[in-house]
Amino acid sequence: MQNRVFFDKTFKHTTFQKIDLLDSEFEQCQFINCSFPDRDLSHVRFSECSFDQIDQSNCRLFKTSIQDCLFDTCKLMGLSFDQCEMFGFNFKAQNSIFDHSSFYKVRLPGFRAQNCSFNNVDFTEAILKEAYFKGSDFTNAIFERTELKKADLLNTSNLRLDPEVNLIKQAKLDLEALPGLLTKFSLNIKQ
């Protein structure tokens, strides 16, 4: 499939294991129950695509273009989103797993990720202003110099970030999230 363009195509139960995807373009395509086992997706372009129950874990994303895509119930573990093509980079996710991935210095203003798992994810220097993370889990996620202005962090769990190091002005947080903002002080907070 080298240098191929796919428009409005549906892929079901496809394993992209031995298929050459280099420089392929997918526009308005649907991927349902597909797998990209440890694939090199470098220079692949996904535009206005939907991914439903796919596994893209441990794929290489060097200069991969992800524009206006939706991921629903997907495994996106161990991905370096910071290596993607940043021009037009944006996507939405729900019920998906991003564990052990990196968003280092990624610009995703308005990013929407509902009920997702971000365990051990690196958000260092990411720009996530006005992002929406309702119902997401941030166990051991790293926030350093991250911009979360006006972000919706309601109903999230295991959120730990330092408000002196991260920009969280006007972010929405639950009262239960406050201890995660005070972790560096080693306080013993009781209810």
Heavy atoms of residue 104: accessible area, 1.4 Å probe, square angstrom to 10
90
If I take the Cα coordinates of the range 19-162 and project them onto the principal axes, what are the three extents in Å, biggest first?
44, 26, 23
For residue 10, solvent-accessible area (1.4 Å; no DNA, RNA or ligand), Å²
70
Which distance in nm do the two modelled labels at residue 73 and residue 8 give, with both placed 7 Å along the Cα-to-Cβ direction?
2.6
Neighbourhood charge, 12 Å Cβ-Cβ cut-off, centred on residue 105 and excluding it, Lys, Arg +1 and Asp, Glu -1
-3
With a sphere of radius 14 Å drawn around the Cβ of residue 53, what net charge do the other residues whose Cβ falls strictly inside it have (Lys, Arg +1; Asp, Glu -1)?
-1
Near residue 149, which lysines are there with a Cα under 24 Å away, not counting those fewer than 8 places off in the same chain?
92, 105, 129, 134, 169, 172, 184
Let me have the 222 nm mean residue ellipticity of the chain computed from DSSP H runs of 4+ only, each contributing -39500 (n - 2.57), with the sum over all residues rounded to the nearest 500.
-500 deg cm²/dmol
Treating cross-link reach as a plain straight distance, find the aspartates and glutamates whose alpha-carbon is under 19 Å from the alpha-carbon of residue 12, omitting any fewer than eight places away in the same chain.
20, 25, 27, 38, 48, 52, 55, 72
Provide the convex hull volume over Cα atoms per residue for the range 1-88, in Å³.
75
Rounded to the nearest Å, the spacing of the alpha-carbon centers of the range 1-45 and the range 110-136 is 25
Computed lengthening from residue 30 to residue 145, 0.36 nm per intervening residue step minus Cα-Cα distance
37.8 nm
What are the lysines whose alpha-carbon lies under 25 Å from the alpha-carbon of residue 18, with same-chain residues fewer than 8 places away excluded?
9, 63, 75
Descending accessible area (1.4 Å probe), largest on the left, turns 45, 145 into 145, 45
Over the range 109-178, volume per residue of the alpha carbon convex hull, in Å³:
65
Report the accessible area of residue 152, computed with a 1.4 Å probe over the heavy atoms of all protein chains in place, in Å² rounded to the nearest 10.
20
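The values are calculated or read from the model by the stated rules, or taken from the named source; none is laboratory data. Worth saying up front: this structure is predicted, and the values here are computed from it rather than measured. Glycine also receives a Cβ, built like all others from the backbone with ideal geometry; neighbour counts cover every protein chain displayed. Surface accessibility is based on the protein's heavy atoms, side chains included, excluding ligands, DNA and RNA. Shrake-Rupley method; radii C 1.70, N 1.55, O 1.52, S 1.80 Å.
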